[in-house]
Amino acid sequence: MRVAFYTLGCKLNQCESEALASSFGSQGFFLVSPSEPADLYVVNTCTVTSKSEQKARRMIRKYSRENPESLVIVTGCYAQMDPEVFQSLGPGVIVVSGDQKDRLLRLPVYLNESGCAAAAGMDEVRRALGMVGEGETDRFSFDAPSFSSHSRAYLKIQDGCDNRCSYCRVTLARGDSVSLALDEVLHRAVRLEEAGFDEIILTGINLSQYASGEKGLSGLVGELLSATRRTRFRLSSLEPDYLIPENTDVFADPRVCPHFHIPVQSGDDGILRRMARRYDSARVREAFDLLRSLKADPFIAADIIVGFPGETDAAFQSTRKLLEELRPAALHVFPFSARPGTAAAAFAEHVPERITGIRTADLRTISETLHAEYLQRWNGRSEEVLVEVSPTDTREGRGITGNYLRVRIPGGKGTVYRKGSRYPAFLELRGSDLTAVPEISS
């Protein structure tokens, strides 16, 4: 049976899809690209924006139309919140709610044991899902020993969120914050290092809320650095209010990647209060200054929501001014999307779609300028590169630096860089792309 995975949304969704793919692959199922014909498609959905939901529906219809004999399993946060939406999208669609997603880890075993792995139909899959649905769910069972689509390993350490931001639907889908026990995190990290992974990405919905016993995220990172020898650690999104000295001193360690993603959302204090965020613009400035005191010119990306209800021209200009002052390396700009069930969905003072579009385009232009500036600053500097696609005699490879710069790796005769390995390189800006030229040992 050919199985394909299509994933939308955050790094946690990517982590969970990788674990599902590993489970199917270990049972002899043939994993294919989501752009190829398959007997079974698994669509892991996101509910952050209406656009991500629209994309999920479009792909489900596409798979059902182009592969009418195939089954499409829909899971994830959108499936958790609106399961009834999917039944009309195709005859072979099966919905598994997000809080039951871990059942899919056991599905390939039951299909094999039932003898229908080669050509399972709707009835067989539903019967198998019924069997694997017995017992409690475990949100931390997504523990992949290998990662078919990435040279870096994902390690899920946290899920859910205790914040109740007025625009966010993910907390409704994922529930309150829960954390993987520290001892188990360390066990999994050591195992991944022993398996040869030189980078581990710590993932969760809100990493800042990690808690195990008396250890928070910073304590966990310190324990991970002590338990491992060479692997570097990359953190996913961190909340501005978490970024104070006592929580971040450990991030100065060379094995913590100089790459941080901050959900700033707005630079206007009034809008931040309406969003029910737990900080103001002054705290954002302090967070950026702190991270830059820990790392030399780190890559700091910022999420921004544009067109939030009540965002006046003056409020937007406050955001624009803050970004031009802080100069992050990249912006992820999202037009406001009213999410059903959230407080902001009922807010008045809507910003016209045309105005939101103009503001979104403006910030995305600023983002392009800021990113080009950051690339230019790293031209001619040295940085360690992790190989994502190995170069060959006839083809260049691709890699990623600790500070999240995508680079080309020259190919040619005698090239020996394996996927997943790290090597020191000089970065050369050639046009708009960085090339990682290997350093020559003297």
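Keeping to segment 178-200, report how many residues are surrounded by fewer than 20 Cβ atoms within 10 Å (Cβ to Cβ) and either within 18 Å of the chain's Cα centre (by Cα) or without any contact (Cβ under 8 Å) to a residue 40 or more places away in the chain (or both).
7
Conditions (1) surrounded by fewer than 21 Cβ atoms within 10 Å (Cβ to Cβ); (2) touching a residue at least 12 places away in the same chain (Cβ under 8 Å); (3) touching a helix residue (DSSP H, G or I) at 6+ places or on another chain (Cβ under 6 Å); (4) more than 24 Å from GLY130 (Cβ to Cβ), marked per residue:
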{"position": "MET59", "(1), (2), (3), (4)": "yes, yes, no, yes"}
{"position": "LYS62", "(1), (2), (3), (4)": "yes, no, no, yes"}
{"position": "CYS77", "(1), (2), (3), (4)": "no, yes, yes, no"}
{"position": "LYS101", "(1), (2), (3), (4)": "no, yes, no, no"}
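Applying the selection to segment 300-355, what residues are in a helix (DSSP H, G or I), in contact with a Ser or Thr (Cβ under 9 Å, 6 or more places away or on another chain) and under 21 Å from LEU290 (Cβ atoms)?
THR319, LEU322, LEU323, listed by residue number.
Using beta carbons and a limit of 9 Å, which pairs, at least six apart or on different chains, have the first residue in segment 325-336 and under 12 Å from ASP303 (Cβ atoms) and the second one modelled with pLDDT under 95 and of a type outside the set (Gly, Ala, Ser)?
ALA330/TYR404; PHE334/VAL48; PHE334/THR49; PHE334/LYS51
Within segment 383-395, can you find the residues that are surrounded by fewer than 17 Cβ atoms within 10 Å (Cβ to Cβ) and not in a strand (DSSP E or B)?
Narrowing segment 383-395 to residues surrounded by fewer than 17 Cβ atoms within 10 Å (Cβ to Cβ): 389, 392-395.
Once the filter is applied, which keeps residues that are surrounded by fewer than 17 Cβ atoms within 10 Å (Cβ to Cβ) and not in a strand (DSSP E or B), segment 383-395 yields THR392, ASP393, THR394, ARG395.
For segment 268-289, give me each residue that is under 19 Å from ASN206 (Cβ atoms) and in a helix (DSSP H, G or I).
The answer is LEU272, ARG283, VAL284, ALA287.
Against the conditions (1) closer than 26 Å to ILE200 by Cα; (2) in contact with a helix residue (DSSP H, G or I) (Cβ under 6 Å, 6 or more places away or on another chain), where does GLY307 fall short? Just the number, please.
Failed condition: (1).
When VAL256 is evaluated against the numbered criteria (1) within 18 Å of the chain's Cα centre (by Cα); (2) surrounded by fewer than 20 Cβ atoms within 10 Å (Cβ to Cβ); (3) farther than 26 Å from THR171 by Cβ, which criterion, by number, is the only one it fails?
(2)
I'm trying to understand the selection: among the residues of segment 23-37, which are small (Gly, Ala, Ser) and in contact with a Leu (Cβ under 9 Å, 6 or more places away or on another chain)? If you could, list the steps in order and put the result at the bottom.
Quick first cut of segment 23-37, residues small (Gly, Ala, Ser) only: 23, 25-26, 28, 33, 35.
Residues satisfying the conditions are SER23, GLY25.
Among (1) assigned to a helix (DSSP H, G or I); (2) in the same structural domain as ILE201 (by TED's automatic domain parsing), there is one condition LEU238 misses while meeting the rest; what is its number?
(1)
I'd like the residue in segment 24-51 that is hydroxyl-bearing (Ser, Thr, Tyr) and modelled with pLDDT of 90 or more and, out of all such residues, is surrounded by the most Cβ atoms within 10 Å (Cβ to Cβ).
Taking the candidates together, the pick is THR45.
The values are calculated or read from the model by the stated rules, or taken from the named source; none is laboratory data. Worth saying up front: this structure is predicted, and the values here are computed from it rather than measured. Note that we place each Cβ from the backbone using ideal geometry, even for glycine, and neighbour counts take in every protein chain shown.
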